[in-house]
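> A single structure is presented below for examination.
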Amino acid sequence: MMNRFWRIERRPQGTDFASALALVDAPLPDLGAGEIRVRNAMLSMDAGTRLWLTDREDGYQPPLPVGAPMTGLVVGEVVASRADGFAPGDLVRTFGVWGEYSQVDAVMTGAVLLDPDVADRRAWFGPLGMNGWTALWGIEETGAARQGERVLVSAAAGATGVLAVQVAKLLGCEVWGIAGGADKCRYLTEKLGLTGAVDYKAGDVGGQLDAAGGFDVYFDNVGGPLLDQVLTRMNHYGRIAVCGLLNDYGSGTRTSPREFDQVLMRRLRVEGFFSPDFMDQGERLTGRLKSWHDKGRLVMPYDVTTGLENTLAAYAKLFTGGNIGKVIVEL
């Protein structure tokens, strides 16, 4: 059986993914013990995977080697299995490849069975998936947000940010978001009901932040110079939950806060977190998120691109601000 997939040809520069990845055909190997073969239905586009395309060895996982298939979360149907607990016809989510098929070790790639009765299967990437888990964990556990506190989320119109602001609201917090452009800011305030939104493209970010007062929790998806602006506007004993460093992924820079002394002056707690920290809590997290999702209290806008051949254009949106919500490629 042949598979069509995106292969890493070289390390991309910035958002020039077209010159770094190639769409190729290759035969699938025989199914090994513990493996499943999945016909991909959807591919999740996630900004954090940009780090996997660099040559950095000090990240949360080793970089993907040149010549390897590009990897990411997929949802699809099992078509063949040599893994216990998985059978043809099962709907699964796993870390697979950007291709027509993913052939993976079910345990090593975190394959999970999904409820086929969920009407909108895109939710398994958004509110009921890794973005939802990350939003809930970062706000409630790492950020330790409490009712009545003021919460700020950067990249608030992105897949994780748009869920993080809603989770904070559901926990009884006053919520502000940072996003790029008037349309995104209007979405946050008018559609999601945030107290306010900071448009980093409009200038005077500091002045816009001052309008909110001080913040008790900052859910940071961006890092970079924006972090300096927020550090000087945190309340004493505030918490900063570092979820992502979007500013750094493709720029080759490293976030180096000039205002780091505020961590001491304001007695702040800064803590990074990542999905392996709570993978064992997936069932519990999904249960809480699903209760909100089923009641319409946790929503997600989807930015859907159709066709494997258009994957790179969809991926680039994550780094150019071309999306609101979750970016998905449907095959």
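> Could you sort the peptides 30-38, 150-158, 50-58 by per-residue average Cβ neighbour count (10 Å cutoff), highest mean leading? Don't jump to the answer; show the numbers that get you there.
Working: 30-38: 17.8, 150-158: 27.9, 50-58: 14.2.
Highest-to-lowest ranking by the protection proxy: 150-158, 30-38, 50-58.
> Here is a follow-up. Can you list residues from other chains, or at least 5 along the same chain, whose modelled amide H is less than 5 Å from the amide H of ASN235?
Hits under the 5 Å cutoff: PHE215, ASP216.
> Then there's this: If N is the number of residues in the range 220-328, what value comes out of its Cα radius of gyration divided by 2.2 N^0.38 Å? The partial results should precede the final answer.
On the way: Rg = 17.6 Å, N = 109, 2.2 N^0.38 = 13.1 Å.
Here the Cα radius of gyration is 1.34 times the empirical estimate.
> Output wanted: per-residue J couplings in Hz (rounded whole) for the range 256-265, from phi through Karplus 6.51 cos²θ - 1.76 cosθ + 1.60, θ = phi - 60°, x for Gly and Pro.
Here the 3J(HN,Hα) series is 9, x, 6, 9, 4, 4, 5, 4, 7, 4 Hz.
> Treating cross-link reach as a plain straight distance, find the lysines whose alpha-carbon is under 17 Å from the alpha-carbon of LYS295, omitting any fewer than eight places away in the same chain.
Reachable lysines: LYS169, LYS191.
> If you don't mind, there's one more thing I want to ask. Based on alpha-carbon centroids, what's the gap between the range 52-66 and the range 242-281 in Å, whole number please?
Going from one Cα centre to the other spans 18 Å.
> Would you work out the relative contact order for the range 2-114, in percent, from Cα pairs under 8 angstrom that are 6 or more residues apart? Please report the intermediate quantities before stating the final value.
On the way: 250 pairs, mean separation 35.4, N = 113.
Worked out over the range 2-114, it gives 31 percent.
> So, one more: Using a 10 Å cut-off on Cβ atoms, rank the peptides 115-122, 224-231 from the highest mean neighbour count down. All intermediate terms of the calculation are to be shown ahead of the outcome.
Values: 115-122: 12.6, 224-231: 20.2.
Going from most to least packed, we get 224-231, 115-122.
> Another question, then. Helix 282-294 versus the longest principal axis of the chain: what angle, 0 to 90°, nearest 10, using Cα atoms?
70 degrees
> Rounded to the nearest 20 Debye, what is the dipole magnitude of the chain about its Cα centre when Lys and Arg each give +1 and Asp and Glu each give -1 at the C-beta?
Details: 33 positive and 40 negative charges, 117 e Å.
Here the chain has a charge dipole of around 560 debye.
> Another question about this same structure. Report the Stokes-Einstein translational diffusion coefficient (µm² s⁻¹, integer) for the range 1-108, Rh taken as the Kirkwood radius over Cα pairs, at 25 °C with viscosity 0.890 mPa s. Walk me through the numbers before you get to the answer.
Values: Rh = 14.5 Å.
Approximately 169 µm²/s, per Stokes-Einstein.
> In terms of modelled amide H atoms, which long-range or inter-chain residues lie less than 5 Å from the amide H of ASP90?
Here the answer is VAL78, since their amide H atoms fall under 5 Å of that of ASP90.
> Determine ³J(HN,Hα), in whole Hz, for all residues of the range 157-167 in sequence, where each value follows from phi through the Karplus function 6.51 cos²θ - 1.76 cosθ + 1.60 and θ = phi - 60°; x replaces Gly and Pro.
9, x, 4, 7, x, 5, 7, 4, 5, 6, 4
> Expected output is a single nm value to one decimal: the length gained when fully extending between SER275 and ALA202, i.e. 0.36 nm times separation in residues minus the C-alpha distance. What is it?
On the way: separation 73, 0.36 × 73 = 26.28 nm, distance 3.27 nm.
In short, 23.0 nm is gained.
> Taking the alpha-carbon distance from LYS201 and a cut-off under 16 Å, which aspartates and glutamates remain once sequence neighbours fewer than 8 residues away in the same chain are dropped?
List returned: ASP183.
> Ratio of alpha-carbon Rg to the 2.2 N^0.38 Å globular estimate for the chain, to two decimals, please.
It is 1.00.
> How do 310-318, 207-215, 238-246 rank on mean C-beta neighbours within 10 Å, highest first? Please list the in-between numbers first.
On the way: 310-318: 19.8, 207-215: 15.2, 238-246: 23.4.
The densest-packed peptide leads the list: 238-246, 310-318, 207-215.
> Using amide H atoms built in the peptide plane, which far-off residues or other-chain residues are under 5 Å from ASP303 H to H?
LYS326, VAL327, ILE328
> Can you put THR320, THR255, THR94 in order of accessible area, largest first, using a 1.4 Å probe? Present the calculation step by step, with values, prior to reporting the outcome.
Details: THR320 85, THR255 40, THR94 0 Å².
Correct descending sequence by accessible area is THR320, THR255, THR94.
> For the chain, what's the relative contact order in percent, using C-alpha pairs closer than 8 Å and at least 6 residues apart?
Details: 722 pairs, mean separation 56.1, N = 331.
It rounds to 17 percent for the chain.
> From the residues ALA26, PHE125, PHE5, which one has its Cα farthest along the dipole of the chain in the positive direction, the dipole being from +1 and -1 charges on Cβ of Lys/Arg and Asp/Glu about the Cα centre?
PHE125
The values are calculated or read from the model by the stated rules, or taken from the named source; none is laboratory data. Source: prediction; values computed, not measured. Backbone-built Cβ (ideal geometry, glycine too); neighbour counts: all protein chains shown. The area values use the complete protein model at the heavy-atom level, side chains included, leaving out ligands, DNA and RNA. Shrake-Rupley method; radii C 1.70, N 1.55, O 1.52, S 1.80 Å.
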